[in-house]
1. Across the range 70-86, what is the number of residues that are at pLDDT below 75 and of a type in the set (Lys, Arg)?
2. Hey, among the residues in the range 232-269 that are of a type in the set (Val, Ile, Thr) and outside any helix (DSSP H, G or I), which one's nearest to THR167 (Cα to Cα)?
3. Need a quick list: helices (runs of 4 or more DSSP H) entirely within the range 110-192 having at least 3 residues that are in contact with a Leu (Cβ under 7 Å, 6 or more places away or on another chain).
4. List the pairs whose first member sits in the range 185-201 and is assigned by TED's automatic domain parsing to the domain that holds ARG276, whose second member is surrounded by 19 or more Cβ atoms within 10 Å (Cβ to Cβ) and at pLDDT below 75, and whose Cβ atoms are under 8 Å apart, counting only residues at least 6 apart or on separate chains?
5. Confirm whether VAL354 is at pLDDT 50 or above and within 30 Å of VAL263 (Cα to Cα).
6. Being polar (S, T, N, Q) and within 29 Å of the chain's Cα centre (by Cα) is the filter here, so list the residues in the range 58-85 that pass it.
7. Applying the selection to the range 358-373, what residues are free of Cβ contacts under 8 Å to residues at least 60 places away in the same chain and either loosely packed, with under 15 Cβ neighbours inside 10 Å or among the small types (Gly, Ala, Ser) (or both)?
Amino acid sequence: MRVDWEGWLRDYLAPSDGRRRRRGPTLAALQGLVGDIPPSWWSAAQAHAAQLANPGPAPVPAPSTSEVVRTTIMPRMGWKLSGSETLKVPLAKLSVRMATSMQLDDVATRRADLHEDYERAAQGLPPRAVVRREDLPAAAAATLGAIRDTLARLWQKVRWERRHFETLWRLAIDAVPLPGNSHMPLARREPCGCGQHGHGGAAVEAHAAAAPTPRQHHFWDCAVAKAVVAQINAHNPGPAPISQAQLWLVQAPPGFQQCVWDVVVMAALAATEHGRVRLRGMTRAAAALGIQTAAAAAPEAAVAGAAEAEPDLDEIPPTQLTPPQPGVNPVELACARAVADFWSRLMQFAQLGVPQKGWDGVDATHPILAVVNGEMLCAMPQAMELEA
């Protein structure tokens, strides 16, 4: 570049040029300008000129964004498997099965723990927080874990409206909306309308024994649950009444075919829940009626109390807040409604006809549900009397 520049300069300032009279000052100015260029700049200019004179291979184009993501970012992305710091699943090797497993593993673990709590409660075993599974007797530990297969069998084998399954499914994971259960530990607790749980008998006996859980009371110890169980025992051909494990874990007692017992259990638990909700509604309605009476006598006090009241997170719909008729015991009425609901469900199942599979061992002498001449018949309920 410098040689070409100097050659042009000499030609431009040649003696034959008409402007030679300016040759001296112009040459001096240009030489001074060239001398002021830093050496590093001059070297860079020479190198660039040489590159332009002899161009080499074309430079490699910059990779696209998608190429950078595919080759650089994706190989560095993935998931660590739960419980391990070394096992990882790269993003490029992730399958639908692996993604589903990683997403549901925590849910499955939680559900398995809740199922074990349910099985322990049904058999009267200590909870997991007190005795670990490996510390239980071998015979007791062997009974745990079967409820999952039981629920799967019911879902596949029993052809019935799914609303009859709901209570058992909820009960097995302690998901019936009972204030104070494992899913509602912060909800405001309330006593049962039977008077034997909460602020009733259970609270009085708290010093002698631990109070039962809401699930234990409402689905076994409560008068409503006992009324439904009494109907089953009235038709039980065995020498002993049914146990809590036989009901909660769907274990057919002697004299019952498993297919019949499946239906009986789901009907019994659903009817117990129906009676529980009715009893709660009647109890709360009666309490609300008393509050209204007191408010009529002392309106200012009622307004002040209402302003300080906390909102109820588990409110019963207004249609269920129906107080019993004067002179009728709400507990007895709730028991009667639960029993009626129990037999209503069984009669509805009988009207569906005999299932095609699994009912060959059910004959005309079978308790509660029997097959006579190819038709399913439902037994009659045990008589109940309401206290005046």
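The values are calculated or read from the model by the stated rules, or taken from the named source; none is laboratory data. Just so it is clear, the structure is predicted and the values come from calculations on it, not from any experiment. Positions of Cβ are backbone-derived with ideal geometry, glycine not excepted, and every protein chain shown enters the neighbour counts.
1. Here the count works out to 0.
2. The qualifying residue nearest to THR167 (Cα to Cα) is VAL250.
3. Filter on the range 110-192 gives 166-172.
4. ARG189/GLY198; GLU190/GLY198; PRO191/GLY198; CYS192/GLY198; GLN196/ALA202
5. So VAL354 passes the test.
6. SER82, SER84
7. Result: ASP360, ASP363, ALA364, THR365, ALA370, VAL372, ASN373.
A quick yes/no check of all residues on (1) closer than 22 Å to ASN181 by Cα; (2) in contact with a helix residue (DSSP H, G or I) (Cβ under 6 Å, 6 or more places away or on another chain); (3) not assigned by TED's automatic domain parsing to the domain that holds GLY124:
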site	(1), (2), (3)
CYS222	yes, no, yes
ALA227	no, yes, yes
HIS235	no, no, yes
GLN244	yes, yes, yes
GLN257	no, no, yes
HIS274	yes, yes, yes
